[in-house]
Amino acid sequence: MGSILLISDNDEFLNKYKKLLSANGISFNYGCSETSVFDHLETENVDIIIIDETLDFLNLATVLKRIKSTHENIRILLFTDGEKINEPVSRYINGYIINSMSEDLILSTIDIHIKNKQHADALSKNNKALADSLYRLNVLYGTSSQFAGTLDTKELLEYMTEGLDKSLSFDLTSTLSFGFENEPVLIVNSLYDISEELMDALKFRAIVHYKSLFENRALPFEIDDKNLKAIKIIKNPTNKFTFSIFQYDTMFAPIDLGDNFFGCIEIFKEKPFSTDDATYFQTIVQQVSLPLKSAGLYRQIKQKNEELVKLENMKSEFISIASHELRTPLTPLKNALKILSGGRCGELNEDGIKFVDMAKRNVENLTEIINNILDMDKIEAGKMEYCYETMNIHSVIQNVKNSFDNVAKEHSINFRTNEQENLPDIYADSLRLGQVLNNLVSNAIKFTPEGKSITIKSELKNAYDIHTNPQFEDELKNLNGEYVVVSVIDEGIGIKKQDLTRAFDKFTQIENSLSRKVGGTGLGLPIAKRYVKAHNGAIWCDSEENKGSSFHVAIPVLEK
């Protein structure tokens, strides 16, 4: 029914209440000094204190204040004769027992206050549980936020351990990780220091737990306790755990996600774990699994990127060396062919001239291939240099026209220009723009049959008036303002609709019989695209199979 502490030095008072309480099965104790009162409160569960107002050797207000400060739910009843109560005393009193009250009324008063005390205890317990729950939820939220902020395996495991410590106040955790380094690692977070013998026992225990998870299956990682690396993180190294820690309460869980296994963890605590403790433990361990998977994928991607960077550097070095070695014999070869074709070694017959011309063309083709490879390598390495100046596109078009006039005649192709007069200036690198148009015209000649035409056209257009097929909409969406648009229009074999965008990919040649015949590196258009991008312009094409292609280059007009 409850426990009562009687405080009085009045034998009549004490005898009366001892008899009354005993007769009604109510447990009680009594004291008559400040020391005895607080000894009872420290060792006994007291629900109600009945204190005799007539005590004259106690500072009643001070004692009551001290009781309430440490045991706020205890109900204090003052035994009084009903006269005026001292104001400092009354603020700590929960009720009164008047000397003239009947025994039934006294028992009813005691019963009411015992129930109030029990309700207050239950409420305090619920409030504490709620506060603990809110605190743990806050820890879970904070830990989840930390998990989301890193892809480092070491940090993820540290955040997991920190979250467990805040939620459960463990004595020791033993985490076996297979993603921390290039080998398995046992991470021990401990309240006190541990001996080498205890560490060996923890290693063996972790491996046994790990193997028990795969009793009838192949182990994802082989492990040996003798070679298992261990990391100790000790909070208080002045004290030391003994083997008695294995008598503590423990919880164990794998750290995994589906078929992805990252390790396992065991947690030790001297006090027993509750059901809520188990829930929070499992939740935090499960929460870390997905970030650990992401961390593993990130690590793999990072390693692959590092390998790709090495390969790219090796490729660039190889291209540089190979191109230099190829260029070295080309110069004397060109000079030798020039000497032969000039007749300085004697007159050549018709076949001799034919073969020398063939050799000269192939040397020029090889030189172009080497230059294209070197240019692409420079572009991708960000080492290509541009020399921008105010210029007019007319000069570039005329230079390209003059360069290909004879080649077009040799292929029986009608090569012409159609330029809009008085086009505004542009800010560009004339050499690079020349290379763009050279590549476009060279391709057009390769894929245009004899008797057909190639036209270089120039005109001024606003971005709103520039239209193309859907495959190149992304190429044109950022254009704004006035542009000089140069088009190379041929009557060649054309390109299939599905192959249009592939034409600008590196080392790509659209598959057909003529492309196999003319050959090439497939770098001309990709290089042209990168040069145009460097001028804040756009390049695209329109084509119809067996009817011809139109390649267009838009360069922004120089703002006045």
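Residue-wise test of (1) outside any helix (DSSP H, G or I); (2) outside the structural domain of Cys264 (by TED's automatic domain parsing).
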position: Gly142; (1), (2): no, yes
position: Leu186; (1), (2): yes, no
position: Tyr210; (1), (2): no, no
position: Asp225; (1), (2): yes, no
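Would you confirm whether any residue within the range 176-184 is farther than 26 Å from Ser212 by Cβ and either touching an Asp or Glu at 6+ places or on another chain (Cβ under 9 Å) or surrounded by 16 or more Cβ atoms within 10 Å (Cβ to Cβ) (or both)?
No, because not a single residue in the range 176-184 is farther than 26 Å from Ser212 by Cβ and either touching an Asp or Glu at 6+ places or on another chain (Cβ under 9 Å) or surrounded by 16 or more Cβ atoms within 10 Å (Cβ to Cβ) (or both).
On the given criteria, is Ile379 part of a strand (DSSP E or B) and of a type in the set (Val, Ile, Thr)? Explain how you work it out, then say what you get.
On the way: part of a strand (DSSP E or B): no; of a type in the set (Val, Ile, Thr): yes.
For Ile379, the condition - part of a strand (DSSP E or B) and of a type in the set (Val, Ile, Thr) - is not met.
Out of the range 364-418, which residues are without any contact (Cβ under 8 Å) to a residue 24 or more places away in the chain, closer than 22 Å to Leu558 by Cα and acidic (Asp, Glu)?
Hit for the range 364-418 is Glu385, nothing else.
Scan the range 225-234 for residues that are under 30 Å from the mean Cα position of the chain (by Cα) and charged (D, E, K, R) and jot them down. Please lay out each step first, then the result.
Filtering the range 225-234 down to residues under 30 Å from the mean Cα position of the chain (by Cα) leaves 228-234.
Within the range 225-234, Lys229, Lys232 qualify.
So which of Ser274, Ser341, Ser316, Ser289 is closer than 30 Å to Ala129 by Cβ, of a type in the set (S, T, N, Q) and in contact (Cβ under 8 Å) with a residue 12 or more places away in the chain? Steps first, answer last, please.
Numbers: Ser274 fails: in contact (Cβ under 8 Å) with a residue 12 or more places away in the chain; Ser341 fails: closer than 30 Å to Ala129 by Cβ; Ser316 fails: closer than 30 Å to Ala129 by Cβ.
The unique qualifying residue is Ser289.
Taking Ile50 as meeting all but one of (1) of a type outside the set (Gly, Ala, Ser); (2) touching a residue at least 24 places away in the same chain (Cβ under 8 Å); (3) more than 25 Å from Lys115 (Cβ to Cβ); (4) not in a loop (DSSP other than H, G, I, E, B), write down the number of the exception.
Only one criterion is unmet by Ile50, namely (3).
Only one residue in Val400, Val356 is assigned to a helix (DSSP H, G or I), hydrophobic (A, V, I, L, M, F, W, C) and either assigned by TED's automatic domain parsing to the domain that holds Ser487 or within 52 Å of the chain's Cα centre (by Cα) (or both). Which one? Give the steps one after another, and end with the answer.
Values: Val356 fails: either assigned by TED's automatic domain parsing to the domain that holds Ser487 or within 52 Å of the chain's Cα centre (by Cα) (or both).
Criteria check complete, one pass: Val400.
All but one of (1) surrounded by 11 or more Cβ atoms within 10 Å (Cβ to Cβ); (2) not in a loop (DSSP other than H, G, I, E, B) hold for Met314; which doesn't?
Among (1) surrounded by 11 or more Cβ atoms within 10 Å (Cβ to Cβ); (2) not in a loop (DSSP other than H, G, I, E, B), Met314 violates only (1).
Give the residues of the range 419-459 that are of a type in the set (Lys, Arg) and closer than 23 Å to Pro556 by Cβ, sorted by residue number.
Our first condition is that a residue be of a type in the set (Lys, Arg); within the range 419-459, this holds for 432, 446, 452, 457.
Within the range 419-459, Arg432, Lys457 meet the criteria.
Within the range 245-289, how many residues are exposed (fewer than 15 other Cβ atoms within 10 Å of the Cβ) and assigned to a helix (DSSP H, G or I)?
Total satisfying the criteria: 8.
Restricting attention to the range 17-26, does a residue exist that is in the same structural domain as Leu107 (by TED's automatic domain parsing), more than 18 Å from Asn94 (Cα to Cα), of a type in the set (S, T, N, Q) and part of a strand (DSSP E or B)? Let's see the steps before the verdict.
Of the range 17-26, the ones in the same structural domain as Leu107 (by TED's automatic domain parsing) are 17-26.
When the remaining residues are screened for being more than 18 Å from Asn94 (Cα to Cα), the result is 17-26.
Keeping just the survivors that are of a type in the set (S, T, N, Q) gives 22, 24.
Of the ones still in play, those that are also part of a strand (DSSP E or B) are none.
Checking the range 17-26: not a single residue is in the same structural domain as Leu107 (by TED's automatic domain parsing), more than 18 Å from Asn94 (Cα to Cα), of a type in the set (S, T, N, Q) and part of a strand (DSSP E or B).
Which condition from (1) on the phi > 0 side of the Ramachandran plot; (2) in contact with a Cys (Cβ under 6 Å, 6 or more places away or on another chain) is the one that Gly451 breaks?
So the condition that Gly451 fails would be (2).
The values are calculated or read from the model by the stated rules, or taken from the named source; none is laboratory data. Because the structure is a prediction, the values reported are computed rather than measured. Here Cβ is always computed from backbone atoms with ideal geometry, including for glycine, and neighbour counts include all displayed protein chains.
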